[in-house]
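To start, the structure itself, in structure tokens.
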Amino acid sequence: MSPPPEEPTEGRRLPPGQYVPRGWPVLHYGPVPKFRPADWDFRVFGATASGGQHAWTWDEFDALPRTRAIADFHCVTKFTIPDNEWEGVAGSAIVELAPPDPAATHVMVWAEYGYSANIRMLDFLAEGTMFATHRNGERLTPDHGFPIRLVVPHLYAWKSVKWVRGIEYMVKDRRGFWEERGYHNVADPWREQRYSYQEDADESPPP
Ligand SMILES: Nc1nc2c(c(=O)[nH]1)N[C@H]1C(S)=C(S)[C@@H](COP(=O)(O)O)O[C@H]1N2
Ligand SMILES: [Mo]
């Protein structure tokens, strides 16, 4: 599940079937949302420990404690962008500030226009998982998810939701946008988990 230790980019092992393109492609479904800081908030809802919701304004969210990680980025359409330096707010920091009910096992990450992706709580808490605001020292551009995008470097990039507006803690797994449309529920690129027909029974959400 985790990538091999740091090696030089030349000759480094990529997940099966992946290649390194020129540049950083922009890929998403639908239009790029306009950021309106006064209307923006980040909500934590669903199975919270308190039973209530948490919300941060843009200024509050942008002032949360920050983390950095260097990681590759793997799209299921087979491009891999190596060595991105991501900076942002760790999933684990959100869990500390807005704790889930202990029964919560999964997180649905929600974006503008209703895009969503489900991940396991362990993916959300993994080292490297964060709501990124910067890549390689620069603010994200609108087409790459400004003001924040999730980054889950150890999973295929459709789980790295752009334009995130909130998360839902779940006590039962449920498919997100692409997971409902034939993509793998777990999405580990090292195991080439591309499509839902490849899922083992224990990798699918309950009926
Ligand atoms: N909100 C949203 N996030 C999204 C998507 C999308 O359609 N909407 N597409 C995903 C897919 S399939 C990929 S490969 C990456 C691409 O990120 P990039 O455009 O920054 O390369 O964003 C992911 N995040
Ligand atoms: Mo993708």
**Prompt:** Considering the stretch 135-151 alone, what residues qualify as being open to solvent by less than 50 Å² (accessible area, probe 1.4 Å) and more than 10 Å from ligand 1 (Cβ to nearest atom)?
**Reply:** Pro147, Ile148
**Filter result for Met130 (away from ligand 1 (no atom under 15 Å from the Cβ) and within 22 Å of Pro189 (Cα to Cα))** = no
**Asked** Between a first residue in the stretch 53-80 that is free of Cβ contacts under 8 Å to residues at least 12 places away in the same chain and a second residue that is away from ligand 1 (no atom under 13 Å from the Cβ), which pairs have beta carbons less than 7 Å apart while being 6 or more apart in sequence or on different chains?
**Response** Gln53/Arg43; Gln53/Val44; Gln53/Phe45
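Got at least one residue in the stretch 169-176 being closer than 20 Å to Ala93 by Cβ and free of Cβ contacts under 8 Å to residues at least 60 places away in the same chain?
no
Here is a check on your reading of the model: is Thr141 in contact with a His (Cβ under 9 Å, 6 or more places away or on another chain) and β-branched (Val, Ile, Thr)?
It is false that Thr141 is in contact with a His (Cβ under 9 Å, 6 or more places away or on another chain) and β-branched (Val, Ile, Thr).
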**Request:** List the number of the failed condition for Leu125; all other conditions in (1) touching a helix residue (DSSP H, G or I) at 6+ places or on another chain (Cβ under 8 Å); (2) within 28 Å of Val32 (Cβ to Cβ); (3) open to solvent by 40 Å² or more (accessible area, probe 1.4 Å) hold.
**Result:** (2)
**Item:** Lone unmet requirement of (1) away from ligand 2 (no atom under 16 Å from the Cβ); (2) more than 16 Å from Asp188 (Cβ to Cβ) for Asp123
**Value:** (2)
**Prompt:** Of all the helices (runs of 4 or more DSSP H) wholly in the stretch 40-143, which have at least 2 residues that are over 12 Å from the mean Cα position of the chain (by Cα)?
**Reply:** 58-62, 91-97
**Message:** Given the condition more than 15 Å from Trp58 (Cα to Cα), in contact with a Gly (Cβ under 7 Å, 6 or more places away or on another chain) and either touching a residue at least 40 places away in the same chain (Cβ under 8 Å) or within 13 Å of ligand 2 (Cβ to nearest atom) (or both), answer yes or no: does some residue in the stretch 139-147 qualify?
**Reply:** no
**Prompt:** Could we say that Arg120 is free of Cβ contacts under 8 Å to residues at least 40 places away in the same chain, basic (Lys, Arg) and open to solvent by 20 Å² or more (accessible area, probe 1.4 Å) here?
**Reply:** no
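The values are calculated or read from the model by the stated rules, or taken from the named source; none is laboratory data. Not measured: the values here are computed from a predicted model. Reconstructed Cβ throughout: ideal geometry from the backbone, glycine too, with neighbour counts over all protein chains shown. Side chains are part of the model used for accessible areas, which takes the heavy atoms of the whole protein and leaves out ligands, DNA and RNA. Shrake-Rupley method; radii C 1.70, N 1.55, O 1.52, S 1.80 Å.
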